[in-house]
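Notes for the one structure printed next.
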Amino acid sequence: MTELSTPPAQDSWEKLEAEVAACQLCPLLSQSRTQHVFGTGNHKADLVIVGEAPGANEDLQGKPFVGRAGQLLSEMLRAIGLQRDDIFITNILKSRPPNNRDPKPEEIANCTPFLERQLSLLQPKLMVALGRIAAHYLLDTNETMGKLRGRQFTFRNTGTPLIVTYHPAYLLRSPSQKKESYKDLLLIKQALDRL
Ligand code: SF4
């Protein structure tokens, strides 16, 4: 689809979420999930954050980033003066992969049309990719996180700035990287200040 094109007149948040809720494109994930995790936040947000996939807590509650990683994300946002209600948060996949394994390429291919429609409805002014899976999809690259962090990209041909940072679940496993992630937060804050 055309990147961040104006959404088709017939598309709406309600229609989109109903389609996600009924989706069975990935046979395994649609059977094993407790419920879909569509995304939450402000539909008029300047900043849209895209993570990887729901985890166990998200799958139970139907909301993205509600476990320990979610608490850390909230802290990260507060560090740059943002509340969860200021932004919109979603994932590449809307159903939890079993045991939090990486999404498979075919699952990403199945699910990302929903993300593309969310982005069309949102028309964000700044995007943040949380972690490798989101960064690789949004930037169509296979570069390492080391090469993707610390700089500003443009999302495809839209002119929308895009910044890559660590997934908070990774920061929980590797707390020594929090210092690095704070540098990314400052980059995000500077990009927001420029809007
Ligand atoms: S991950 Fe996405 S495409 Fe796959 S079943 Fe869930 S909602 Fe459908």
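The values are calculated or read from the model by the stated rules, or taken from the named source; none is laboratory data. What you see is a predicted model, and the numbers here were worked out from it, not measured in a lab. Cβ coordinates were reconstructed from backbone atoms using ideal geometry, including for glycine residues, and neighbour counts include every protein chain displayed. To get the accessible areas, we keep the full protein, side chains included, count just its heavy atoms, and leave off ligands, DNA and RNA. Shrake-Rupley method; radii C 1.70, N 1.55, O 1.52, S 1.80 Å.
Averaged over its residues, the chain has an accessible area of 49 Å² per residue, based on protein heavy atoms and a 1.4 Å probe. Any of Lys15/Lys178; Lys15/Lys183; Lys94/Lys189 with alpha carbons more than 30 Å apart? Name them for me. Pairs exceeding 30 Å: Lys15/Lys178; Lys15/Lys183. Per the 1.4 Å probe, what fraction of the accessible area of the stretch 1-116, in percent, lies on carbon and sulfur atoms? The nonpolar share, carbon plus sulfur, comes to 49 percent.
For the chain, the mean residue ellipticity at 222 nm estimated from helices alone is -13000 deg cm²/dmol, where every DSSP H run of n ≥ 4 contributes -39500 (n - 2.57) and the total is divided by all residues, rounded to the nearest 500. If you wrap the Cα atoms of the stretch 86-195 in a convex hull and average its projected area over all directions, you get 7.4 nm². When you filter the trypsin sites (Lys or Arg not before Pro) in the stretch 91-148 for DSSP loop state and at most 10 other Cβ atoms inside 10 Å of their Cβ, you are left with Arg101.
As a length-normalised measure over Cα pairs under 8 Å and 6 or more apart, the relative contact order of the chain settles at 24 percent. Multiplying each eigenvalue of the alpha-carbon gyration tensor of the stretch 75-142 by 5 and taking the square root yields semi-axes of 22, 15, 12 Å, largest first, rounded to whole angstroms. Just so you know, the Cα atoms of the chain work out to an Rg and Dmax of 15.6, 47 Å. Loop-resident chymotrypsin sites (Phe, Trp or Tyr not before Pro) (DSSP state other than H, G, I, E or B) in the stretch 136-195 with no more than 15 further Cβ atoms inside 10 Å of their Cβ are absent.
Taking amide H as placed 1.01 Å from N in the peptide plane, the amide H of Gly55 sits under 5 Å from that of Phe65, each at least 5 places away or on another chain. Each 10 Å bin, from zero up to the one with the longest distance, holds this percent of the alpha carbon pairs of the stretch 68-110: 23, 39, 30, 9.
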